[in-house]
1. Three principal axis extents, largest first, for the C-alpha atoms of the stretch 83-159, in Å?
2. Quick one: which residues, 5 or more positions from residue 30 or on another chain, have an amide H under 5 Å from its amide H? H modelled 1.01 Å from N in the peptide plane, none for Pro or chain starts.
3. Can you list the HN-Hα couplings for the stretch 205-216, worked out from phi with the Karplus curve (6.51, -1.76, 1.60; θ = phi - 60°), rounded to whole Hz and with x for Gly and Pro?
4. Taking a temperature of 25 °C and a viscosity of 0.890 mPa s, what whole-number D in µm²/s does Stokes-Einstein yield for the stretch 294-400 with Rh from Kirkwood over alpha carbon pairs?
5. Using the Cα atoms of the stretch 279-327, I'd like the radius of gyration and the largest Cα-Cα distance, Dmax, both in angstrom.
6. Short version: what are the Cα gyration tensor semi-axes of the stretch 113-200, square root of 5 times each eigenvalue, largest first, in whole Å?
7. What number results when the radius of gyration of the stretch 232-309, computed over Cα atoms, is divided by 2.2 N^0.38 Å?
8. Place a +1 charge on the Cβ of each Lys and Arg in the stretch 181-301 and a -1 charge on the Cβ of each Asp and Glu, then give the dipole magnitude about the Cα centre in debye, rounded to the nearest 20.
Amino acid sequence: MSCELMTWVKSEISEGVILVRVLNTKSRKFENYWPIPSGTSYNFYVVKGSEGIALIDGIDIRFSDEFFEALESVVNPEDIDYVITQHTEPDHSGTLAEVMNRAPKAILLGTKQALMIGEALADFPLDRAKEVKDGDEVGLGNKTLRFIVAPMIHWPDTMLTYLVEDSILFTCDLFGSHGASERIFYDEDPDTFEFVDYYASILMAYYNMAAKAVAKVKELSPRIIAPSHGALHRSLDEILSMYERWTSWKPSKKALVVVGSQYENTARVAEAAAEGLREAGLETVILDSSDADPDDLLAHTLEASAILVATSTHNGRPFFGITVYMELLKEYRPRNKVAAVLGSFGWGGGGTKAVRQSLESLGIPVLEELAFKGKPKETDLERARELGKRLGEEALKLVS
Ligand code: FEO
């Protein structure tokens with residue numbers, strides 16, 4: 001069901017287990033940086049057992065009114081016995097101090113790191129808090145919550161919570177998605193959720209820790225995966241294989257061409273190189289670094305086996321948008337790629353060399369660096385097309 005203004009939706013996903021999703025259609029950016037054209041959402045859960053009630057996660061304090069309206073439609077806060085914090089970033093911890101005020105008998109449960117960070121960041125009342133360790137359980141009568149410590153997805157405080165009798169795994173950011181969708185499950189309308197952008201921008205930097213958590217989830221094989229952003233999952237094969245592919249950096253038959261061009265000369269050689277990549281058999285995406293959303297740059301980088309960076313030279317350095325892209329790569333450190341660099345310059349080069357050095361310092365092999373002076377001639381375009389083709393052929397060797 002949903003409220004009249006559709007700022008939140010709720011659904012009983014199993015007997016006594018209620019999902020509440022607050023929809024954020026107001027913010028243009030997540031974390032004030034990542035564009036969210038379809039909005040985002042915050043999920044929290046109320047678990048009602050025969051002898052106890054638990055709340056799992058809060059939401060961003062800016063949506064406090066919606067949160068308490070929705071929460072109180074599900075449970076009287078005075079009846080809550082346990083407040084569980086799986087991760088204390090403010091989009092999940094913001095409303096919890098006020099929950100504790102309104103839930104006088106509740107005990108706050110989280111990892112040691114969650115309680116420490118939450119005290120500083122979200123005013124957690126530590127005199128009413130208890131640390132949980134991996135494998136600890138709390139009973140709610142006919143329902144049992146088991147905690148699975150899974151640090152660094154993507155903060156040191158993170159844990160998952162398994163509702164044993166219902167076989168539901170609450171995962172907070174892990175398996176999260178953007179999109180202010182009213183659909184509860186991913187399989188109801190996959191197009192209303194943005195998964196890859198979410199993973200690439202939020203979790204990809206900690207792929208190795210995410211991979212460990214995914215292995216635990218696979219072993220547990222829950223009936224439902226219930227994240228704290230976006231869609232829930234009841235068809236586990238699809239989401240688990242997607243995450244296994246991403247966390248292992250398994251490359252696809254895809255190429256990403258990132259272009260930084262002031263007067264279209266570099267853009268023309270990039271187009272020629274993209275033709276070569278397509279000739280080699282790679283699905284090729286071209287992004288203009290001036291316009292591309294940073295999460296799109298990361299998401300396409302994640303999936304690509306070939307990366308071609310085309311940059312003009314500006315004051316002896318790469319085009320500004322390309323410099324930003326290089327900084328993103330430094331932070332997210334992609335693996336299993338092969339690259340090439342090309343670009344046109346006017347009176348002095350340097351842009352392509354700096355990009356090549358950046359890529360090589362990240363351990364990404366650069367097949368070739370091609371710098372052209374001035375307007376590209378037909379022979380330059382042909383060299384770029386050839387380079388694209390060779391890059392594509394090298395990339396296909398990475399794709400099994
Ligand atoms: Fe959705 Fe890392 O918080």
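Every number in this text was worked out from the coordinates using simple rules, so none of it is lab data. Not measured: the values here are computed from a predicted model. Note: ideal-geometry Cβ built from the backbone for every residue, glycine included; neighbour counts use all protein chains shown.
1. Result, largest extent first: 32, 31, 20 Å.
2. When sequence neighbours closer than 5 places are left aside, the close amide H contacts are 36.
3. 4, 10, 4, 5, 6, 5, 4, 5, 5, 5, 4, 5
4. In µm²/s, the coefficient is 174.
5. Over the stretch 279-327's Cα set, Rg and Dmax evaluate to 11.7, 36 Å.
6. 27, 19, 12
7. 1.30
8. Around 760 debye, computed over the stretch 181-301.
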